[in-house]
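**Student:** Got a structure for you, questions after.
Each reported figure results from applying straightforward, stated rules to the coordinates on display, with no laboratory input. Please read all numbers here as calculations on a predicted model, not as lab measurements. Counting neighbours? That spans all protein chains shown, and the Cβs are built from the backbone with ideal geometry, glycine included.
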Amino acid sequence: MLSFWWKVSNGTEEGWDWLICATNGVEALRISGDVDWERQEFVFTGGETIIRWTYEKAPRYSDGDDCGWLGSVKWILTGTGSTPVSVPFSWLDQWQNGITDYEALAKSQGANGMAFWESYVAGCDPTNSASRFLITNFVVNAGGGVSALDWTPNRADRVYTVWGKTNLSDKGWYPTNDASRFFKVEVRLQE
């Protein structure tokens, strides 16, 4: 997350002179006139981001201080960056036990045999050896098809894909709801 404070003073030139904030070359915010200090923040989903602030002056007379100010620019990390999925620091805080390196903690193995980041995605407690992602119900109907497949934890804020194959020797897994005999369930965060 990026936070900053900004203000502008161009008096009667409101709508003519602008203090502009752009992300990756696309204008995100602009202010004009006499605006006192305001806090702004952006949350980024990942990848490289270029932030640029510019003061655009119209070819007219000057009024007010005819400038903009930028202050207290802070880049605040809110989650891990070295794991396959960004794990919120707020989630890791409940398990840290004095560990201050969030990246190392997210990659470390929990008591449940899963990396902490995997426990986060699955919705498990990494400090509880019994907290695992498990298929809990598998029902084959009279026609040989699968009529029920349940798992735990089953969270509303996750996306699940059931993959299947007829034989374990088959090369690939395919999304399925048919009579496959071997299943695995993939869990991922909602986008």
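**Student:** Net charge near SER86, counting Lys/Arg +1 and Asp/Glu -1 over other residues with Cβ under 14 Å of its Cβ?
**Tutor:** Counting the neighbours of SER86, the net charge comes to -1.
**Student:** Using the Cα gyration tensor of region 134-189, with a ≥ b ≥ c the square roots of its eigenvalues, what is the shape: rounded (a/c below 1.5), prolate (a/b larger than b/c) or oblate (neither)?
**Tutor:** Cα axes put region 134-189 in the oblate bin.
**Student:** Then there is this: In nanometres, what is the gap between the two model label sites at GLN109 and TRP91, each 7 Å from Cα along Cα-to-Cβ?
**Tutor:** Modelled inter-label distance: 2.1 nm.
**Student:** Moving to a separate point now. Given H placed 1.01 Å from N in the peptide plane, which residues other than close sequence neighbours of TRP151 have an amide H under 5 Å from its amide H?
**Tutor:** Amide H neighbours of TRP151, under 5 Å, 5+ apart: THR136.
**Student:** Fewest to most neighbouring Cβ within 10 Å: what's the order for ASP101, ASP66?
**Tutor:** ASP101, ASP66
**Student:** Within straight cross-link reach of LYS171, meaning Cα distance under 30 Å, which lysines are found once same-chain residues fewer than 8 apart are removed?
**Tutor:** Leaving aside lysines fewer than 8 places away in the same chain, those within reach of LYS171 are LYS107, LYS184.
**Student:** Can you sort VAL26, VAL187 from fewest to most other Cβ atoms within 10 Å of each residue's own Cβ?
**Tutor:** Listing VAL26, VAL187 from fewest to most nearby Cβ atoms yields VAL26, VAL187.
**Student:** Using the Karplus curve 6.51 cos²θ - 1.76 cosθ + 1.60 with θ = phi - 60°, what ³J(HN,Hα) values do you get for each residue of region 169-175, in whole Hz, with x for Gly and Pro?
**Tutor:** Taking θ as phi minus 60°, the curve returns 7, 4, 5, x, 9, 10, x Hz for region 169-175.
**Student:** Helix-derived [θ] at 222 nm for the chain: sum -39500 (n - 2.57) over DSSP H runs of at least 4, divide by residue count, nearest 500?
**Tutor:** For the chain, the value works out to -2000 deg cm²/dmol.
**Student:** For SER72 paired with LYS171, estimate the spin-label separation in nm (one decimal), with each label point 7 Å from Cα along the Cα-to-Cβ line.
**Tutor:** Here the modelled spin labels are 5.9 nm apart.
**Student:** Dividing the convex hull volume of the alpha carbon atoms of the chain by its residue count, what do you get in Å³ per residue?
**Tutor:** Residue-normalised Cα hull volume stands at 177 Å³.
**Student:** Got the relative contact order for the chain handy, in percent, Cα pairs under 8 Å and 6 or more residues apart?
**Tutor:** RCO, the chain: 14 percent.
**Student:** Taking every pair of distinct Cα atoms and averaging 1/r, then inverting, what Kirkwood hydrodynamic radius in Å comes out for region 78-130?
**Tutor:** 10.7
**Student:** From the phi of every residue in region 123-136, what ³J(HN,Hα) in whole Hz does the Karplus formula 6.51 cos²θ - 1.76 cosθ + 1.60 yield, where θ is phi - 60° and glycine or proline is x?
**Tutor:** x, 9, 9, x, 8, 10, 4, 8, 8, 9, 7, 9, 7, 9
**Student:** Right, here's the next one. Within 10 Å of each residue's Cβ, count the other Cβ atoms and sort LEU105, LEU149, LEU70 from fewest upward.
**Tutor:** By the 10 Å Cβ count, ascending, the order reads LEU70, LEU149, LEU105.
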